[in-house]
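Notes for the one structure printed next.
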Amino acid sequence: MKRNFLLLGIFFLSACASEDFPLNSDCPVSYGQWVDVQFEYGSAELNENAIQQIKEIAKEARENDSFVCFLGKLSYRGVPSFQATGALDRVKNTAAIFLKEGVEPTNIYIGIAAENPKTGFSNPQTAAQEEHILNILVGK
């Protein structure tokens, strides 16, 4: 039976964002707190533990009046339109937590980009090996 929740995976790093992050999300932040959220295959839902961790990040972002930039990653497995809507759903579900915690909508930037390096047709793999990641960058 498929579980519909986040598969652990929130990592806090204080590092520079990759070069393509600002290009794909129009993000005004060049460095800050980096968070990677890895979702289970075919799911855009967050489990309770992940929601609590993201709420803490959102509260800190609100208190510091930080920008929050989301970059949903597309995979290459399956129908491309489903991959795009899946990436968007992961972003929307996570961004909703930031909005509920009081982060100003004008401080939120959203982007979607293809996985790099390419997977799927250029490098076949199983669905279980495919990663569905949402990158979040929080900073000034």
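Read-outs: derived from the displayed coordinates by stated rules, not from any lab. Since the structure is predicted, the reported quantities are computational estimates derived from the model, not experimental observations.
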Given backbone amide H placed at 1.01 Å from N, residues whose amide H is under 5 Å from that of residue 109, ignoring those fewer than 5 places away on the same chain, are 68, 69, 70
How much length, in nm to one decimal, is gained on full extension between residue 82 and residue 64, taken as 0.36 nm per residue of separation minus their Cα-Cα distance? 2.9 nm
Which whole-Hz couplings ³J(HN,Hα) result when phi for each residue of segment 40-55 is put into the Karplus expression 6.51 cos²θ - 1.76 cosθ + 1.60, θ = phi - 60°, listed in order with x for Gly and Pro? 5, 4, x, 10, 10, 8, 10, 7, 4, 4, 5, 4, 5, 5, 5, 4
Starting at the first residue of segment 82-90, write each ³J(HN,Hα) from the Karplus equation 6.51 cos²θ - 1.76 cosθ + 1.60 with θ = phi - 60°, in whole Hz, x for Gly and Pro. 5, 5, 5, 5, x, 5, 5, 5, 5
